[in-house]
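The values are calculated or read from the model by the stated rules, or taken from the named source; none is laboratory data. A quick note: this is a predicted structure, and the numbers were derived from the prediction, not measured. For neighbour counting, all protein chains shown are included, and Cβ atoms are generated from backbone atoms with ideal geometry for every residue, glycine included. What goes into the accessible areas is simple: the full protein's heavy atoms, side chains included, and nothing from ligands, DNA or RNA. Shrake-Rupley method; radii C 1.70, N 1.55, O 1.52, S 1.80 Å.
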Amino acid sequence: MQKVLSLIGAPTDIGAGARGASMGPEALRVAGLAAVLESHGLQVVDRGNLSGPANPWLPPTEGYRHLNEVVAWNQTLHEAVHAELALGRMPIVLGGDHCLGLGSISAVARHCRERGKQLRVLWLDAHADFNTAALTPSGNIHGMPVALLCGMGPPALTGIGGTTPAINASVVRQIGIRSVDAGEKRLVHQAGLEVFDMRYIDEMGMRHTMEQALLGVDGDTHLHVSFDVDFLDPEIAPAVGTTVPGGATFREAHLIMEKLNDCGRVGSLDLVELNPFLDERGKTARLMVDLTASL
């Protein structure tokens, strides 16, 4: 892992169905993210917050809510993440909602193509985020980023970074999934996404799950972790607009992070969907900081 970390705030809830994730970056800063990472001997550069269009809070148009605004935010994030990777730094995206995975992961994929590295994406989430406009009546794009990264959707979104698809589904490992729509489930199977849902984790344990998810990761692999707060059980992490009971426990979440630290290949990280308006005295933000420190 690189010794210089770059914090990139993306304060928007443009892709979400509830307001509040736009306050996530400041909540993570207030919870002491930079200081905790520095206490581990890491150098932290806070790049501040990116700016983009405000959330107009409109109904979907042709199946997508806020399409132009989502494109703008993700294009800006793409360029910011790519620039930090080019400097040899490890970008940590402070979200914001999970539509931002489109900008960050497309940037990481572009970096890997330029450097001849292989990419592995760990998607820690209650949801597969593999919806399309045809499958979801809400049109909320935070439920679509994995499908968009795999080339399913309008060119304005699938073409961010200049390559469509940005990634192949074979590079993604989804962990903690427990809420998938029926049509989305069919699409996930068709695409060949590798999913370790909560039943798999219950039966096989988190250690085995992580061993399987990291199979084939070597010294030439860039590992990107996209961490949605709703991956965690809402009992320990209430600050999310899309809570699903039965998520990862405190110890399971820390074990994942410790395994990633052991692996030593994490080169970029998203921390998304933290909605401090729904938090209890900052406990979710502090937990996210602790888990990042474990990683």
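Quick notes on this one:
- The set of residues in the stretch 249-262 that are open to solvent by 40 Å² or more (accessible area, probe 1.4 Å) and either in a helix (DSSP H, G or I) or over 18 Å from TYR200 (Cβ atoms) (or both) comprises PHE250, ARG251, GLU252, LEU255, GLU258, LYS259, ASN261, ASP262.
- Restricting ASP220, ASP181 to residues that are farther than 19 Å from VAL272 by Cβ and in contact with a Leu (Cβ under 7 Å, 6 or more places away or on another chain) narrows the list to ASP181.
- Test: residue in the stretch 39-50 that is touching an Asp or Glu at 6+ places or on another chain (Cβ under 6 Å) and touching a residue at least 24 places away in the same chain (Cβ under 8 Å): yes
- Hey, GLU84 outside any loop (DSSP other than H, G, I, E, B), in contact (Cβ under 8 Å) with a residue 40 or more places away in the chain and over 26 Å from VAL45 (Cβ atoms) or not: no
- Exactly one residue among ASN131, ASN140 is within 22 Å of LEU67 (Cα to Cα), over 14 Å from the mean Cα position of the chain (by Cα) and touching a residue at least 60 places away in the same chain (Cβ under 8 Å), and that residue is ASN140.
- Scanning the stretch 238-264 for residues that are touching a Leu at 6+ places or on another chain (Cβ under 6 Å) and of a type in the set (A, V, I, L, M, F, W, C) yields ALA239, ALA248, ALA253, MET257, LEU260, CYS263.
- Verdict on LEU94 being open to solvent by less than 40 Å² (accessible area, probe 1.4 Å), in a helix (DSSP H, G or I), out of contact with any Cys (no Cβ under 7 Å at 6 or more places or on another chain) and of a type in the set (A, V, I, L, M): no
- If you go through the stretch 23-63 and keep only what is in contact with a Pro (Cβ under 7 Å, 6 or more places away or on another chain) and either in a strand (DSSP E or B) or open to solvent by 40 Å² or more (accessible area, probe 1.4 Å) (or both), you end up with MET23, ASN49.
- Counting residues in the stretch 70-77 that are free of Cβ contacts under 8 Å to residues at least 24 places away in the same chain, within 18 Å of GLY9 (Cβ to Cβ) and open to solvent by 20 Å² or more (accessible area, probe 1.4 Å) gives one or more.
- For the stretch 222-248, a residue qualifies if it is in contact with a Ser or Thr (Cβ under 7 Å, 6 or more places away or on another chain), surrounded by fewer than 24 Cβ atoms within 10 Å (Cβ to Cβ) and assigned to a strand (DSSP E or B), but none of them does.
- Among the residues of the stretch 271-287, none qualifies, meaning not one is of a type outside the set (Gly, Ala, Ser), assigned to a helix (DSSP H, G or I) and closer than 18 Å to ASP197 by Cβ.
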